[in-house]
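These notes are about the structure you will find just below.
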Amino acid sequence: MFPPGFAWGAATSAYQIEGGWQADSKGPSIWDTFCREKGRVFDDQNGDFACNSYELWEKDLECIQQLGLTHYRLSLSWARLLPDGTTQHVNKRGVQYYNKVIDDLLACDVLPMVTLYHFDLPQALQDRGGWTSPDIAILFDKYANFCFQTFGDRVKLWITINEPYVCAKLGHEDGIHAPGLKEKGTAPYVVGHNMLRAHAMAWHSYSSVYREKQGGAVSLAINSDWFEPLDPGCDEDIAAAARALAFTLGWFAWPVFVTGDYPEVMKSAIDAQSEKLGYRGTSRLPRFSEDEPTILGTADFFALNYYTSRKVKPRGGCEKTLSTKSDQDTEEVVDPSWPISGLSWLAVVPDGLRKLLKYIKDTLSSPAVYITENGFSQVGPLQMKDVHRCEFYKSTISELSKAVQEDGVDVRGYFAWSLMDNFEWADGFSVRFGLFHVDFSHAELNRNIYQSGQEYANIISKYKSDQRKSEQLSKSNVDC
Ligand code: GAL
């Protein structure tokens, strides 16, 4: 049910799995700092050791092979490669580590998809203003150039920034992700803006310097829930669902895929709320400058992280303080019929993925799409026979195949989150997203496949054997 060459992957990120937080001259990142502040993370845990993939990479590779993955999505730790964030100091041991990972993957016929930035800014750059500073775009572009130059002969799929929405909102408005800022209604828009500028600069660098020789593709990973009106017959609910989509997917997708600018509904909602709350000064949503590289068209494919869905109605403008939520003016509810995975926010809605993909096709001119993250969490008593997660993967992949077959969405690949249990940000190790269980109570950190991992391996193996059969069939037709 999936096209030839479909990418079957799993994803991880550096801070969540590597450990080795000070190994071989790695610099500190904002997550190293954040985790040291009491009360930030569940049980004051941290990613100092995590799955220790820095030393146990071969174990990860075994898991990748056991699943039969065709692709593996990993992220590079900026501070491991460039300890102070700048290209003035390159950490050779960091380069060696990622060279080995990439070479080992390729030797096993697994293609890497590499994310340059997955939440872990070098602390040295945070000390210079981090993502709120306009200079960050140039620093990121230099880092990206360094990575393209160093690894681009072998890496053909790049993600510049993972989930700018999450970095902007959870890190700079809600304060529940590093760097833990709570500058409501202002910093998130500045951070999002600088992330878009940084992404676009890196994409332009790739296009002008590396693309011809390396032949890869570059995008950014945009996360979005699927939002639909609570009452599909109510105009206010329809408008509220459209606003929710504009403030989540549209915030980053519109500038890159549609107009080069933020969605109109977002701009007008922010301005109206500023006026209502007596906010003086220029718009809280920065404008793109014509003197800088254009944003429109800076993605070679759409990279979607999808986890859940919501039903939406208006909040009624009752918020009295500035925040992205008050600008958005929506109330989001979970349909009682949707099962909940381990986490309260993670309602399981596989057909929401299909609907979101159709929306992306219809509004963003049918881009090629990779699902770069999608997963199901386990909390509480350990279940190696994780039947609910098995069901989740089966029904999600079935919805995905309908998106391809029936809706004509150009889906090129699917990456499960995550290869193995790991450090789940503010939830620490209390939440398990892995296809492999990691035994964090023993230093060996053994990885063991969950039933859902086996289920996913079976799906991949079936796909591969169907592909072989159809290749043989078309070969024998040609021979005839
Ligand atoms: C995403 C994030 C991942 C992972 C996942 C599960 O937002 O990119 O790193 O934590 O959520 O919550």
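Could you tell me whether any residue of the range 289-306 is in contact with a helix residue (DSSP H, G or I) (Cβ under 8 Å, 6 or more places away or on another chain), in a loop (DSSP other than H, G, I, E, B), within 16 Å of the ligand (Cβ to nearest atom) and under 19 Å from residue 167 (Cβ atoms)?
yes
Counting only residues that are of a type in the set (Gly, Ala, Ser) and surrounded by fewer than 17 Cβ atoms within 10 Å (Cβ to Cβ), how many does the range 33-67 have?
Here the count works out to 1.
Residues checked against (1) within 16 Å of the ligand (Cβ to nearest atom); (2) aliphatic (A, V, I, L, M); (3) at positive phi:
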{"residue": "246", "(1), (2), (3)": "no, yes, no"}
{"residue": "257", "(1), (2), (3)": "no, no, no"}
{"residue": "261", "(1), (2), (3)": "no, no, no"}
{"residue": "270", "(1), (2), (3)": "no, yes, no"}
{"residue": "278", "(1), (2), (3)": "no, no, yes"}
{"residue": "287", "(1), (2), (3)": "no, no, no"}
{"residue": "309", "(1), (2), (3)": "yes, no, no"}
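Before we move on, is residue 22 over 30 Å from residue 473 (Cβ atoms) and within 16 Å of the ligand (Cβ to nearest atom)? Working first, answer last.
Working: over 30 Å from residue 473 (Cβ atoms): yes; within 16 Å of the ligand (Cβ to nearest atom): no.
Here the answer is no, as residue 22 does not meet what is asked.
If you check 295, 371, which single one turns out to be in contact with a Pro (Cβ under 7 Å, 6 or more places away or on another chain) and closer than 27 Å to residue 239 by Cα?
Of the residues listed, the single one that is in contact with a Pro (Cβ under 7 Å, 6 or more places away or on another chain) and closer than 27 Å to residue 239 by Cα is 295.
Hey, which of the strands (runs of 3 or more DSSP E) in the range 329-434, taking only ones fully inside, have at least 1 residues that are away from the ligand (no atom under 16 Å from the Cβ) and under 19 Å from the mean Cα position of the chain (by Cα)?
369-373, 411-417
From 277, 357, 249, grab the single residue that is modelled with pLDDT under 95, surrounded by 13 or more Cβ atoms within 10 Å (Cβ to Cβ) and among the hydrophobic types (A, V, I, L, M, F, W, C).
None of the other options fit; the residue is 277.
Residue pairs, Cβ under 9 Å, 6 or more apart or interchain, first in the range 316-339 and β-branched (Val, Ile, Thr), second loosely packed, with under 12 Cβ neighbours inside 10 Å. List them.
334/344
Take the range 1-55 and flag every residue that is under 22 Å from the mean Cα position of the chain (by Cα), under 22 Å from residue 440 (Cα atoms) and small (Gly, Ala, Ser).
The answer is 10, 11, 13, 14, 19, 47, 50, 53.
Can you find a residue that is within 20 Å of the chain's Cα centre (by Cα) and at pLDDT 95 or above anywhere in the range 284-295? Break it down stepwise before answering.
As a first pass, look at the range 284-295 and keep what is within 20 Å of the chain's Cα centre (by Cα): 295.
With the extra rule that they be at pLDDT 95 or above, the set shrinks to 295.
Within the range 284-295, one or more residues are within 20 Å of the chain's Cα centre (by Cα) and at pLDDT 95 or above.
Conditions (1) closer than 21 Å to residue 246 by Cβ; (2) among the aromatic types (Phe, Trp, Tyr); (3) buried (at least 19 other Cβ atoms within 10 Å of the Cβ), marked per residue:
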| site | (1), (2), (3) |
| --- | --- |
| 307 | yes, yes, yes |
| 322 | yes, no, yes |
| 335 | no, no, no |
| 340 | no, no, no |
| 346 | no, no, yes |
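Name the single residue that is nearest to the ligand (Cβ to nearest atom) among those in the range 212-225 being of a type outside the set (S, T, N, Q) and surrounded by fewer than 23 Cβ atoms within 10 Å (Cβ to Cβ).
Here the residue is 225.
Say we look at the range 340-351 and pick out the residues that are free of Cβ contacts under 8 Å to residues at least 40 places away in the same chain and of a type outside the set (A, V, I, L, M); which of these is nearest to residue 307 (Cα to Cα)?
345
Residues that are more than 19 Å from the chain's Cα centre (by Cα) and touching a residue at least 40 places away in the same chain (Cβ under 8 Å), at least 3 per element: which helices (runs of 4 or more DSSP H) completely within the range 121-188 meet that?
123-126, 136-151
Within the range 99-113, can one find any residue that is within 19 Å of residue 156 (Cα to Cα), modelled with pLDDT of 95 or more, surrounded by 13 or more Cβ atoms within 10 Å (Cβ to Cβ) and within 16 Å of the ligand (Cβ to nearest atom)?
Yes, the range 99-113 contains at least one residue that is within 19 Å of residue 156 (Cα to Cα), modelled with pLDDT of 95 or more, surrounded by 13 or more Cβ atoms within 10 Å (Cβ to Cβ) and within 16 Å of the ligand (Cβ to nearest atom).
Just name the residue that is farthest from residue 97 (Cα to Cα) out of those in the range 138-176 that are within 16 Å of the ligand (Cβ to nearest atom) and polar (S, T, N, Q).
Checking each candidate, the answer is 162.
Which of the residues that make up the range 121-139 are among the polar types (S, T, N, Q) and surrounded by fewer than 21 Cβ atoms within 10 Å (Cβ to Cβ)?
132, 133
Quick one: would you say residue 426 is within 29 Å of residue 38 (Cβ to Cβ) and surrounded by 15 or more Cβ atoms within 10 Å (Cβ to Cβ)?
In short, yes.
The values are calculated or read from the model by the stated rules, or taken from the named source; none is laboratory data. Small disclaimer: the values here were computed from a predicted structure and weren't measured. Backbone-built Cβ (ideal geometry, glycine too); neighbour counts: all protein chains shown.
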